[in-house]
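The values are calculated or read from the model by the stated rules, or taken from the named source; none is laboratory data. No experiment lies behind these values; they were computed from the predicted model shown. With ideal geometry, Cβ positions are generated from the backbone for all residues, glycine too; neighbour counts draw on all protein chains shown. Note: accessible area is taken over every heavy atom of the protein model, side chains too, but ligands, DNA and RNA are not part of it. Shrake-Rupley method; radii C 1.70, N 1.55, O 1.52, S 1.80 Å.
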Amino acid sequence: MKIMVTGGAGYVGGTVAALLVEQGHQVVVVDNLCHARREGVLSGVQFVEADVADRAVIEGLFRSATAENASFDGVLHFAALIEAGESMQKPEIYFRNNTSSTLALLESILACGPKRFVFSSTAAVYGEPETVPIPETAALRPTNPYGESKLLVEYMLAWFHKIHGLRSASLRYFNVAGAPEVGGHGTGIIHSGEAHEPESHIIPLVLDVALGRRQSIKIFGDDYPTSDGTCVRDYIHVADLADAHLLALQALESPRAAEQRLIYNLGNGAGFTVKQVIEAARQVTGHPIPAEIHPRRAGDPAFLIASSQKAIAELNWKPNYPEINDILRTAWLWHQKRYSK
């Protein structure tokens, strides 16, 4: 198959693009490089530096099919801003980049693109859940503009399916971490790992402390109604997430996808507090990793834990990295290689 991967120079998009190539698919990466680097794209993969809102470029790619250049079979959409905290300060850029730009991409797809679309959504669409683990049927009440910007896209996809017959899968995933291992679990690390500019995710920040690149890790709030007062999150390994995207793409060929939009949570189904993650990082790295307590961040729910039973049952998906120490181990190996150069 020939697949367009938007945001394919980034952490998750790049991992998925690499898996597609490994499985023999033709991949075209579209990325504006606003928060990624050209090196994040595998050599040999067609790369187009562009914004997904640029309809002339996107539709030009869709219309370029010839006898030698096959038409696209699907779009996997990862291009988005992802910082919940930043969205509470600059909501306008999240609605422009995540919602409006995705609408432009969908318009290009309706005009001349493939009718299979896998959307990188988020657990942030749930906000403060009433129960955990969170099922896909839980109330959708985002507590920050980031989650709202993604939920608006899901609403659009529902109408586009109903009116235009666009087949789509929305993957609501939780905290992504780790680095993919060549050949499978336990066999070595490839180049892609979690690194953002600026960095705000806890696992790379904790590992930065272990590497001496930061003095301490900040804990935002220790007065939540949890076992140790810090937020609880569900962590999913990036390789497990990549597997789920390919399975979702395949599922869009099924009769079920013609009848209804596919929606899946992706997580391990187990939650870890911020303090537990820091302690696990101390065990994995052998470093003390000092921590500082700071006030809560606006829009941070106390609990976010996935129920992934639907994805397990319908996609035949299974996470291979259920333990936080295993996820941290792969991330630590990648970080050491990255920053020892």
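Observations
- For segment 83-133: rounded, prolate or oblate by the Cα gyration tensor [a/c cutoff 1.5]: oblate
- Diffusion coefficient (Stokes-Einstein, Kirkwood radius over C-alpha pairs, 37 °C, 0.692 mPa s) for segment 216-292: 214 µm²/s, rounded to a whole number.
- Equivalent ellipsoid semi-axes - Cα gyration tensor, segment 189-341, angstrom: 31, 20, 13
- Proximal lysines to residue 162, defined as alpha-carbon separation beneath 25 angstrom and excluding residues fewer than eight positions away on the same chain: 115, 150, 310
- Its alpha carbons considered, segment 24-179 gives a radius of gyration followed by a Dmax of 16.4, 53 Å.
- Distance between the modelled labels on residue 130 and residue 103, one decimal in nanometres: 3.0 nm (7 Å Cα→Cβ projection).
- On Cα atoms only, tilt of 145-164 relative to the major axis of the chain in degrees: 30
- When 58, 312 are compared by accessible area of protein heavy atoms, the largest-first order is 312, 58, using a 1.4 Å probe.
- Cα shape, segment 127-166, gyration tensor, a/c 1.5 rule: oblate
- Residue-span extension gain [residue 159 to residue 39] - 0.36 nm each, minus C-alpha spacing: 39.5 nm
- Debye log10 I(q)/I(0) for segment 284-341, one point scatterer per Cα, at q = 0.12, 0.13, 0.18, 0.22 Å⁻¹: -0.58, -0.67, -0.99, -1.02
- Placing dummy labels 7 Å off each Cα toward the beta-carbon, the span from residue 96 to residue 320 is 4.1 nm.
- Over the chain - Rg/Rh using Cα atoms and the Kirkwood inverse-distance radius: 0.95
- Label point at residue 71 placed 7 Å out along Cα→Cβ; residues across segment 99-116 whose backbone nitrogen lies under 18 Å: 106-116
- According to the Kirkwood relation over distinct C-alpha pairs, the hydrodynamic radius of segment 1-66 is 11.8 Å.
- Scaled against 2.2 N^0.38 Å for its residue count N, the alpha carbon radius of gyration of segment 102-180 is 1.21.
- Convex hull volume per residue for segment 248-333, taking Cα atoms only, in Å³: 130
- Cα long-axis angle, helix 238-251 against the chain (0 to 90 degrees, to the nearest 10): 30
- Segment 32-111: C-alpha gyration tensor shape, a/c 1.5 cut-off, then a/b vs b/c: oblate
- Theoretical FRET efficiency, 1/(1+(r/R0)^6), r = Cβ-Cβ of residue 110 and residue 49, R0 25 Å, to 0.05: 0.55
- Environment charge at residue 50 (Cβ cut-off 14 Å; Lys +1, Arg +1, Asp -1, Glu -1): -3
- Once the chain from residue 259 to residue 287 is taken as fully extended at 0.36 nm per residue, the excess over their C-alpha distance is 4.9 nm.
- 0 to 90° range, to nearest 10: angle between helix 101-112 axis and the chain longest Cα axis: 30
- Surface listing: 233, 329, 261, 214 arranged by accessible area from highest to lowest gives 214, 329, 261, 233, probe 1.4 Å.
- Charge context of residue 268, other residues only, Cβ under 11 angstrom, K/R +1, D/E -1: -2
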